[in-house]
Amino acid sequence: MNIDERLEKLQGLIGLKFNDTANLKSAISHSSFVNELKVNKWEDYERLEFLGDAVLEIVSSDFLYRHHPDMPEGELSKLRASLVCEPSLAFTAKRMNLSEFILLGKGEDASGGRNRNSILSDVFEAIIGAVYLEFGYMAAKDYIEKFLLNDISENQLFVDSKSRMQIYVQSKDNMSLEYKVIEETGPDHDKHFVVGLFINDEMICSGEGHNKKEAEQLAAYNGIKILTKEE
C-alpha cells in the first residue's frame, strides 16, 4: 500500500476528507522514515503529537467533567490519567488498526516498531493534531470521543486488567493465579511473547506482546472478560 492509498484509507477510517493531506501524512510518519528520505522530506509526527496531546487533555477533561457531575477532582484526575496514558491510547490505536498506516524506516519496522505502544500512542495523538489543524476543535473532539471516549469502561478494563484480575481471584475461595510465558520468539531487538493466564494450574487464555508486561496485560484483559462472562 503506497502513501496515497494509506492516506485515502485512513481518511475513510476516521470519516474525514482532508483538503490538504500534508499534516495527516506527517501524523503517520515516524522520524526513522523521514530520515531515510533522500529528497522532498517532510516533518515527522513529533510536533503534531505535541499539539494532539494538548487537545486530548482539554477534550477528555471536558468530557469527564460533564459526564461525571458528582465525581470529585481527585477521582476525575485519576480517571483522565488512565484514559490518556500510553497503554490506553495504544490499545485504542490497535482496535483501529492504525499500525497498518504508520510509515517507518526499514530498521524500525524490522524491530517491531509498528506494534510498539509508544509509537501507536504517539500516532493516535498526532492524528488528533492533524484533525485539529485541518478542521478545528469540534472535529478533533468528535474524533477523540468516537474512538477513545466512546467506551471508557472497556479502556479502563484493559488498563486495570491485572489489578482487577488479582482482586477477582482474591475474592474467590481456593483460586490461584499465575502468568507463564508459553512462547518466546524473535531476535533480541524484536522479541514476541505469548503469556498464558493460569487459574488453578489450568490455562484459560493467553496474551501476546513485545515484552512480558504487555503480554500479561492482554492475557489479564482476556481473562477478566472470560471469567465475568461465565458468571
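Tabulated values for the structure
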quantity	calculated
Length-normalised contact order of the chain in % [C-alpha pairs under 8 Å, at least 6 apart]	18 percent
Cleavage-rule hits, chymotrypsin sites (Phe, Trp or Tyr not before Pro), segment 1-49, DSSP coil, Cβ neighbours within 10 Å at most 16	W42
Distance violations [Cα-Cα > 19 Å] among K94/K146; K38/K106; K180/K212; K17/K146; K17/K141	none
The chain: radius of gyration over Cα atoms, expressed as a fraction of 2.2 N^0.38 Å	1.11
Set of aspartates and glutamates with alpha-carbon distance to K9 below 12 Å, sequence-local pairs under 8 removed	E100
Extension gain, R66 back to K212 (0.36 nm per residue minus Cα-Cα distance, nm)	48.8 nm
Convex hull volume of segment 161-230 per residue (C-alpha atoms, cubic angstrom)	68 Å³
Peptide ranges 182-194, 212-224, 65-77, 97-109 listed from the most packed, as the mean C-beta count within 10 angstrom indicates	212-224, 97-109, 182-194, 65-77
Rg and Dmax of segment 180-219, Cα atoms only, in Å	10.1, 34
Along principal axes, Cα extents of segment 1-73, largest first, whole Å	55, 25, 19
Prolate/oblate/rounded label for segment 108-231 (Cα gyration tensor, a/c 1.5)	oblate
Full-extension gain in nm, N19 to E154, via 0.36 nm per residue minus C-alpha separation	45.2 nm
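We did not get these values from a lab; they are worked out from the coordinates using the rules stated. Source: prediction; values computed, not measured. Cβ atoms come from the backbone with ideal geometry, glycine included; neighbour counts cover every protein chain shown.
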